[in-house]
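First comes the structure, then the notes that go with it.
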Amino acid sequence: DVKVTQSSRYLVKRTGEKVFLECVQDMDHENMFWYRQDPGLGLRLIYFSYDVKMKEKGDIPEGYSVSREKKERFSLILESASTNQTSMYLCASSPQSGAVGQYFGPGTRLTVT
Amino acid sequence: GESVGLHLPTLSVQEGDNSIINCAYSNSASDYFIWYKQESGKGPQFIIDIRSNMDKRQGQRVTVLLNKTVKHLSLQIAATQPGDSAVYFCAENIGRGGGADGLTFGKGTHLIIQP
């Protein structure tokens, strides 16, 4: 089974803190993605990566950065957390061909106070 | 029961009935569509997909129909069970290039199963 794991299920941080969300996949997938999920807005793509050290902005990259130093790991960084970044964060991966859908992790619910 | 995913966020059906969840997609160039199921507290789970060169695909108890003329996608679940309770999302591939396949998601329909 494909497995995408995220470092934390729940996280509480203070405004202004630097926050790291980690994602690891074990299927040797080339593509990895970070989404946030908010009520009424659905899933929105923050950043994605199609190779090690490569990254592309998604629809809402402002306030976020990412790092892909190894193929299996994709990190989302909130440089200075703000209350409007309180959300559910979902990581996903897929093989390069896109012949199958994206596989999602369980999500990290981040609360910024 | 039938719903339009973007305009009726909740669909309630009796256990054992068939469910139909609808989705309107936006990009006529999209060539790949997926349905996901998301249970409470979990990440989305892949259910079934369909390519634009098909108009129907069947899985176990699920069928996806694609109407490219009106840019409409539906998910049919046969003999709905309590375990089918979840939010269902459609997604279209908008092909962001660079080898990565970004998806655009609908807002989801919450399927509720009545005993």
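A few points about this structure:
- Taking the criterion of being within 16 Å of residue A:101 (Cα to Cα), of a type in the set (D, E, K, R) and in contact (Cβ under 8 Å) with a residue 60 or more places away in the chain, the only residue of segment B:38-93 that qualifies is B:92.
Okay, residues lined up against (1) facing another protein chain (nearest Cβ under 9 Å); (2) surrounded by 13 or more Cβ atoms within 10 Å (Cβ to Cβ); (3) under 30 Å from residue B:10 (Cα atoms); (4) touching a Phe, Trp or Tyr at 6+ places or on another chain (Cβ under 6 Å):
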{"site": "A:35", "(1), (2), (3), (4)": "yes, yes, yes, no"}
{"site": "A:48", "(1), (2), (3), (4)": "yes, yes, no, yes"}
{"site": "A:53", "(1), (2), (3), (4)": "no, no, no, no"}
{"site": "A:70", "(1), (2), (3), (4)": "no, no, no, no"}
{"site": "A:80", "(1), (2), (3), (4)": "no, no, no, no"}
{"site": "A:83", "(1), (2), (3), (4)": "no, no, yes, no"}
{"site": "A:87", "(1), (2), (3), (4)": "no, yes, yes, no"}
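- Of everything listed in (1) surrounded by fewer than 19 Cβ atoms within 10 Å (Cβ to Cβ); (2) within 13 Å of the chain's Cα centre (by Cα); (3) within 13 Å of chain B (Cβ to nearest Cβ); (4) not aromatic (Phe, Trp, Tyr), the single unmet condition for residue A:39 is (2).
- When residues of segment B:35-60 are limited to those that are open to solvent by 30 Å² or more (accessible area, probe 1.4 Å) and acidic (Asp, Glu), the one nearest to the other protein chains (Cβ to nearest Cβ): B:39
- Condition met for residue A:109 (open to solvent by 30 Å² or more (accessible area, probe 1.4 Å), basic (Lys, Arg), touching a residue at least 24 places away in the same chain (Cβ under 8 Å) and within 11 Å of chain B (Cβ to nearest Cβ)): yes
- When B:102, B:97 are checked against the criterion of being open to solvent by less than 10 Å² (accessible area, probe 1.4 Å), facing another protein chain (nearest Cβ under 10 Å) and at pLDDT below 90, a single residue qualifies: B:102.
The values are calculated or read from the model by the stated rules, or taken from the named source; none is laboratory data. On a predicted model such as this, the values are computed, not experimentally measured, just so you know. FYI the Cβ positions are ideal-geometry reconstructions off the backbone, even for glycines, and counts take in every protein chain you see. Heavy atoms of the whole protein, side chains included, go into the accessibility calculation; ligands, DNA and RNA do not. Shrake-Rupley method; radii C 1.70, N 1.55, O 1.52, S 1.80 Å.
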